[in-house]
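The next block holds one structure in the form of structure tokens; read it before the comments.
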Amino acid sequence: MNYKVDYKVKNIMEVPSLGNCFLEGEIGARVDRFILERVSGKFALEEILREAENFFKTQYDDIYTFGYWRSEFWGKLMLSAVRCSQYKNDNVLKEELRKSCYTMLSYQREDGYLSTYRNSDNLYPVDVVKSALYSGWEANYCWNVWGMKYTLWALIEAYEYLDDQKILTGAIKLADWIVAKFALDGTRVKDSGVMDGMPSSSILKPMLVLYRITGDEKYLNFGKDIVKEWSREDNERPNLITNALSGEAVADWYGLSSKKLNEGHDLGSDWVPKAYEMTSCFDGIIEMYRVTGDEVLLDAAKAFYEMLKKYESNILGSVGYCERYQHGASYADSATEICDVLHWMRLCYELFRLTGEAKYMQSFEKAFVNAYMAGVYEDGKMSAFFVRSAGRHYRAQPQCESMYQHCCLNNVGRGLTNAAESCVTKSDTGYFVNMFTQSYVRFGDTDIRIGAGYFDSGWVGIAVRNPEKGKKLYLRIPEWSKNTKIRVGLGDEVVVPVCGDYYEVELNEDTTIMKIRFDMTTEVINCEWEPIPDNDYHSFRWGDGTFGLCNKEMMLKCSKVVLRRGPVILARSKKFGAKEEDMFSLDTLYGKKIDSIIARPIINNIGVLVTLRVHITVDGEVKEYVLCDYASAGNVDTNDPKFFSIYL
């Protein structure tokens with residue numbers, strides 16, 4: 001793609017084109033099933049995609065007092081589908097996507113407006129009192145600009161893929177309408193939508209991409225107007241840049257209302273530290289840094305990452321607790337929305353591409369192979385809305401009176417393809433192996449293949465063929481692998497002197513083969529459990545009811561331990577014969593003397609990353625468990641509230 005405006009700051013890391021990187025093994029099989037069932041198959045195209053298109057024809061999102069978010073569904077599907085089509089080199093799907101874009105443009109008004117909201121003036125929060133009279137709860141929902149953000153972004157990425165001027169023209173008309181509308185109304189983008197304008201303001205990213213394509217300064221200026229509202233001296237919410245640089249936990253930026261938290265929906269005047277929408281804004285902040293070179297923007301994004309890692313890292317490798325930045329790191333349990341995992345991964349991905357620092361890929365991998373893959377159901381037809389640390393995952397049920405659409409489910413393809421292009425990247429000095437998931441990557445004439453074994457034996461073979469002259473290989477040695485060994489070619493096996501950083505390997509002119517042996521020592525993580533007040537947000541999200549995740553009776557009420565082996569959290573599951581009276585017993589390993597842990601992979605288990613027979617010697621007594629990787633423990637559509645648990 002030739003852009004009229006170059007980045008002032010270029011990425012250090014180049015990713016392979018999506019048609020030249022392929023996930024293989026069990027993860028690759030799950031990716032392929034998901035793409036077939038939700039993106040490229042007959043049902044996906046004729047039912048799922050058609051339904052999302054039809055919402056723009058009927059325009060029912062604002063027929064109630066509060067607005068729905070059906071406007072996001074087509075954009076998310078198209079963003080995923082464009083990337084999946086490239087990943088699979090699927091020319092049939094490619095043309096179906098062109099048709100879908102044309103269908104969407106047939107619903108565009110002459111002035112450029114394109115939305116599922118009939119009233120184009122409906123951009124701002126609704127009256128919560130009127131909303132409560134209709135719905136029974138206070139919601140100032142208006143998702144119109146948020147939806148147009150996804151529509152705009154999808155049209156732009158479709159244009160970049162299809163090189164179709166008609167699609168670009170439609171994107172420009174929509175962007176021009178948005179810019180002109182806010183100028184006409186004399187309002188800020190942050191005044192629109194909900195949650196202090198964070199969802200609406202995330203339109204920053206596609207506006208900047210369109211600026212680079214067209215060179216039209218009005219899109220850059222529109223973006224600058226959004227960004228300046230995040231560095232206010234009066235600290236008007238959300239003030240993302242200033243607050244990120246403060247290092248304070250998000251939940252503490254403006255305080256929280258316990259009354260509203262107990263109700264579960266503080267969408268009126270109170271501070272809503274909504275994880276997905278907030279992190280989406282940092283996608284745009286990072287893009288603005290590339291465009292302008294303003295170092296404060298990069299500093300803010302880095303500080304935001306560090307703050308989330310400190311205060312919000314949960315046991316599943318994601319951040320936050322059940323849609324919120326709510327001191328997630330302080331709780332022994334976890335429930336995390338798939339969209340939150342995706343945008344945490346994207347934050348790590350974008351920072352890694354800019355800096356090349358290993359810590360970002362460490363966080364990316366931990367999130368991907370645990371929380372994210374746990375949400376991709378084994379049949380490929382469904383995903384989770386939330387993944388949880390015990391019980392069952394919460395299914396992504398159709399939203400907004402639709403048949404097949406869900407905010408997280410429609411986003412899944414983007415995360416899968418982000419992972420594929422992250423396995424191996426390239427810089428001026430060489431090739432960087434960032435994840436050791438079985439995969440195959442091409443850069444021009446250079447082939448890099450990563451073999452199986454990472455999740456079970458810990459032995460991984462890597463072959464590099466036809467490297468560019470002078471290029472080296474850099475292997476990210478995970479921070480958990482304290483005693484890594486490597487053999488290159490026919491040489492001796494040597495101890496790798498680093499962990500948590502990259503290890504340099506010289507490459508031959510033709511082919512270099514190496515074998516890495518990771519330290520698969522099982523790590524014991526103590527999870528101290530404290531009673532949760534009934535009015536606490538975390539308690540609410542575990543409760544019964546439409547928005548609850550499981551029966552309160554199965555909430556974990558005592559301290560336990562969690563095992564991590566290699567990159568994955570381990571779990572017990574009814575898939576492999578675990579009994580609920582054992583999984584949810586109050587007699588735990590917490591506080592007991594663990595003398596030894598012996599974990600041996602069970603060979604030929606299909607449909608898992610790893611299954612282990614684990615013997616734990618506790619106070620002289622040997623206890624035996626069959627454990628699997630967390631991502632495989634509960635990735636099924638079940639109503640069983642006691643199906644799996646990561647706790648021992």
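For segment 482-492, which positions are surrounded by 11 or more Cβ atoms within 10 Å (Cβ to Cβ), of a type outside the set (S, T, N, Q) and over 10 Å from residue 516 (Cβ atoms)? Scanning segment 482-492 gives a single hit, 482. The set of residues from segment 428-452 being open to solvent by 10 Å² or more (accessible area, probe 1.4 Å) and not acidic (Asp, Glu) comprises 429, 432, 438, 440, 442, 443, 444, 449, 451, 452. The residue that is nearest to residue 88 (Cα to Cα), among those in segment 434-451 that are touching a Phe, Trp or Tyr at 6+ places or on another chain (Cβ under 9 Å) and of a type in the set (Gly, Ala, Ser), is 439. Taking (1) touching a helix residue (DSSP H, G or I) at 6+ places or on another chain (Cβ under 8 Å); (2) modelled with pLDDT under 95 in turn, residue 421 satisfies each apart from (2).
Restricting 365, 378, 421, 401 to those that are out of contact with any Lys or Arg (no Cβ under 6 Å at 6 or more places or on another chain), farther than 30 Å from residue 60 by Cα, part of a loop (DSSP other than H, G, I, E, B) and touching a residue at least 12 places away in the same chain (Cβ under 8 Å) reduces the list to 378. What residue, among those in segment 32-62 that are small (Gly, Ala, Ser) and assigned to a helix (DSSP H, G or I), is most open to solvent (accessible area, probe 1.4 Å)? Step by step, filter segment 32-62, then rank; the result is 40.
The number of residues in segment 174-212 being more than 16 Å from residue 141 (Cβ to Cβ) and in a helix (DSSP H, G or I) comes to 24. Evaluated against (1) over 20 Å from residue 413 (Cα atoms); (2) within 19 Å of the chain's Cα centre (by Cα), residue 300 falls short on exactly one condition, (2). Checking each residue in segment 17-31 for being surrounded by 22 or more Cβ atoms within 10 Å (Cβ to Cβ), more than 17 Å from residue 409 (Cα to Cα) and in contact with a strand residue (DSSP E or B) (Cβ under 7 Å, 6 or more places away or on another chain) picks out 21, 23. Could you tell me whether any residue of segment 366-376 is at pLDDT 95 or above and open to solvent by 10 Å² or more (accessible area, probe 1.4 Å)? Yes; the residues of segment 366-376 include at least one that is at pLDDT 95 or above and open to solvent by 10 Å² or more (accessible area, probe 1.4 Å). Would segment 542-565 turn up any residue that is modelled with pLDDT of 90 or more, part of a loop (DSSP other than H, G, I, E, B), small (Gly, Ala, Ser) and out of contact with any strand residue (DSSP E or B) (no Cβ under 8 Å at 6 or more places or on another chain)? Checking segment 542-565: not a single residue is modelled with pLDDT of 90 or more, part of a loop (DSSP other than H, G, I, E, B), small (Gly, Ala, Ser) and out of contact with any strand residue (DSSP E or B) (no Cβ under 8 Å at 6 or more places or on another chain). Checked against the criterion of being among the charged types (D, E, K, R), in a helix (DSSP H, G or I) and modelled with pLDDT of 95 or more, segment 338-347 has at least one qualifying residue. Pairs are defined by a Cβ separation below 9 Å, a sequence spacing of at least 6 or placement on different chains, a first member in segment 442-461 that is touching a residue at least 60 places away in the same chain (Cβ under 8 Å), and a second member that is open to solvent by less than 20 Å² (accessible area, probe 1.4 Å) and of a type in the set (S, T, N, Q); the pairs so defined are 454/437; 455/437; 456/611; 458/481. Considering (1) in a loop (DSSP other than H, G, I, E, B); (2) among the polar types (S, T, N, Q); (3) surrounded by fewer than 19 Cβ atoms within 10 Å (Cβ to Cβ); (4) modelled with pLDDT of 95 or more, say which one residue 65 fails and leave the rest. Going through (1) in a loop (DSSP other than H, G, I, E, B); (2) among the polar types (S, T, N, Q); (3) surrounded by fewer than 19 Cβ atoms within 10 Å (Cβ to Cβ); (4) modelled with pLDDT of 95 or more one by one, residue 65 breaks only (4).
When 100, 120 are checked against the criterion of being in a loop (DSSP other than H, G, I, E, B), modelled with pLDDT of 95 or more and either aromatic (Phe, Trp, Tyr) or out of contact with any His (no Cβ under 7 Å at 6 or more places or on another chain) (or both), 120 stands alone in meeting it. One residue stands out in segment 313-327 among those that are of a type in the set (A, V, I, L, M, F, W, C) and at pLDDT below 95: the one that is farthest from the chain's Cα centre (by Cα), namely 315.
Checked against the criteria, residue 632 does not count as at pLDDT below 95 and hydroxyl-bearing (Ser, Thr, Tyr). One residue is enough: does segment 576-587 have a residue meeting the conditions surrounded by 17 or more Cβ atoms within 10 Å (Cβ to Cβ), in a strand (DSSP E or B) and charged (D, E, K, R)? So far as segment 576-587 goes, no, none of its residues is surrounded by 17 or more Cβ atoms within 10 Å (Cβ to Cβ), in a strand (DSSP E or B) and charged (D, E, K, R).
The values are calculated or read from the model by the stated rules, or taken from the named source; none is laboratory data. Computed from a predicted model, the values in this text were never measured in an experiment. Methodologically, a virtual Cβ is constructed for each residue, glycine included, from the backbone with ideal geometry; neighbour enumeration extends over all protein chains shown. The area values use the complete protein model at the heavy-atom level, side chains included, leaving out ligands, DNA and RNA. Shrake-Rupley method; radii C 1.70, N 1.55, O 1.52, S 1.80 Å.
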